[in-house]
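Below is one structure, written out as structure tokens; the observations come after it.
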Amino acid sequence: MLSREDTELLTRIGPGTPMGALMREYWWPVLRNETVEADGAPTRVRLLGQDFVLFRATDGRLAMFDEGCPHRGASLVLARNEDCALRCLLHGWQISVDGKIIETPNEKNFRHADRIDVRAYPAREAGGMVWVWIGDGEPPSFPAFDFNTVADPEAQVLPAGMYLNCNWLQALETLWDPAHQACLHNQDNAVALAFEKSEDALFKRQHPELTISNIETVSEPWGFRRHCDGGPRLNGDGWVPTVMPTWHFTGGLGPNVDEDDRVVFGHVPIDDEHMLLWQIAYNPYRPLGEIGRTLCGRMPNADDFRVPGASRENNWGQDREIMSNGSWSGIGVGYGVAGILTQDAAIVEGMGAIADRTNEHLGAADLSIIRGRRMMLDAVRAHMRGEGALGVDVDVAGIGLGHDGTSKVGTPDLVS
Ligand code: FES
Ligand SMILES: [Fe+2]
């Protein structure tokens, strides 16, 4: 259980909140980069409870401003995007890609234009995504995750996003929970992935061993790693890294898949009650294998891959007839990986926008969740005391798990 006060401290990420201040220390991916075209429609980005406009200028540069026009606040999502600048629809103010006011047609001799500060937030592309930074001062070093540094992102990285109507921590807690795969996703993994037509289909080895024991966690300069007995053994040696702020590496994609194809999940807080979940399949060394690419590429929509129409209103499309014919959850059947993640969506959205943790009854199998929360609470309290943000400017290259689960960051020291 978590007290109401600690829940508030952990989950609230808007401007002026302690966790919001910590979260503003990190770079966040907000869109797939190919959705942002030069001179194309500007895109509204909501991140950590703030609204922005993101666009690609005529010359290909990316820029992100606050959404409201500096003149009188009209939305710049509606603006014209041309000549390496946004031009507001209301009175035609023109703001260059680097944040300078270059024309104010309603005020021919407007003398204050050069004193208006339009903040151009740092934005860059990596791993097939657009990353932004909205903190104060100078941005920290860009995180050198393997999926950000591959030689050929188009061939080696496959990012896909899903919007969730709940707080960011809920989804991360579900990934921290090693017992749920074997239950929630149990038979549906085999059903959902039956198109493989193989006895060795993805997750087949994910035996329904539900009992979790011997959970161990180890602190790292970038977060923590977890090991346990029982549950799915996709990860071989089973050490699962959680990297600040919200990255969770789940290991190899399974048998029959290129042994270096991997998956990582990221949880981007849009505001207190909405988040963007990234599933990023990648291969650090060569193009993603065909099966990995097919499995993770088979999304209904790479920009919002939930099973179409699945929502609280229809119990996330749960089909009781399919359940009586052998499916455990009746959710997302036939949609492959997107179906499995829609099962997670049903669970985390079903807990409410911000889950009440005061009535929980956690046991030893939930130790990883307790550990994850403690890391976050320690991190936010340290930040409140003026200490640096956990994991910022720490080398994260090589963190991940391969097909056989071999940890790429060495054998952890179990003392800590
Ligand atoms: S509000 Fe944008 S130019 Fe006036
Ligand atoms: Fe899950």
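Every number here is computed from the coordinates shown, using simple stated rules; none is lab data. Here the structure is a predicted model, which is why all the values come from computation and not from measurement. With ideal geometry, Cβ positions are generated from the backbone for all residues, glycine too; neighbour counts draw on all protein chains shown.
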If you rank Met244, Met384 by fewest surrounding Cβ atoms within 10 Å, what's the result?
-> Met384, Met244
Order by protection proxy (mean Cβ within 10 Å, highest first), peptides 130-138, 101-109 = 130-138, 101-109
Can you figure out the FRET efficiency of Glu259 with Lys100, using R₀ = 45 Å and their beta-carbon distance, to the nearest 0.05?
-> 0.35
Evaluate the distance, in nm, between pseudo-label points positioned 7 Å from the Cα of Met384 and of Arg72 along their respective Cα→Cβ axes.
-> 4.3 nm
What FRET efficiency do you get for Ser219 and Arg44 if R0 is 51 Å and r is their Cβ-Cβ distance, rounded to the nearest 0.05?
-> 0.85
For the range 390-399, Karplus-derived ³J(HN,Hα) couplings (6.51, -1.76, 1.60; θ = phi - 60°; whole Hz; x for glycine and proline) come out as 4, x, 6, 6, 9, 6, 10, 4, x, 6
What FRET efficiency, computed as 1/(1 + (r/R0)^6) with R0 = 22 Å and r the Cβ-Cβ distance, is obtained for Glu37 and Leu90, rounded to the nearest 0.05?
-> 0.40
Using the 10 angstrom Cβ neighbour count as an exposure proxy, how do Leu295, Leu377 rank, fewest first?
-> Leu377, Leu295
Candidates Val150, Val394, Val30; GNM for the chain (alpha-carbon contacts under 10 Å) flags as most fluctuating Val394
Can you give the charge dipole size of the chain about its Cα centre, rounded to the nearest 20 debye, using +1 on the beta carbon of Lys and Arg and -1 on the beta carbon of Asp and Glu?
-> 620 debye
Would you mind calculating the relative contact order of the chain from Cα pairs under 8 angstrom and at least 6 residues apart, reporting the percent as a whole number?
-> 20 percent
Amide hydrogen neighbours beyond the local backbone of Met129, cut-off 5 Å, H modeled = Asn33
Positive-end residue of Asn214, Pro153, Ala302, charge dipole of the chain with Cβ unit charges | Ala302
Simple spin-label estimate for Ala144/Ser311, 7 Å along Cα→Cβ, in nm, reads 4.5 nm
Could you give the length gained on full extension between Lys108 and Arg80, defined as 0.36 nm per residue of separation minus the Cα-Cα distance, in nm?
-> 8.1 nm
In a solvent-free Debye calculation with one equal scatterer on each Cα, what is log10 I(q)/I(0) for the chain at q = 0.06, 0.10, 0.11, 0.14 Å⁻¹, listed in the order of the q values?
-> -0.26, -0.70, -0.84, -1.31
Between Glu103 and residues 5 or more places away or on another chain, which pairs have amide H atoms under 5 Å apart, with H built 1.01 Å from N, and which residues are they?
-> Gln94
Sorted from fewest to most neighbouring beta carbons within 10 Å, what does the list Tyr282, Tyr335 look like?
-> Tyr335, Tyr282
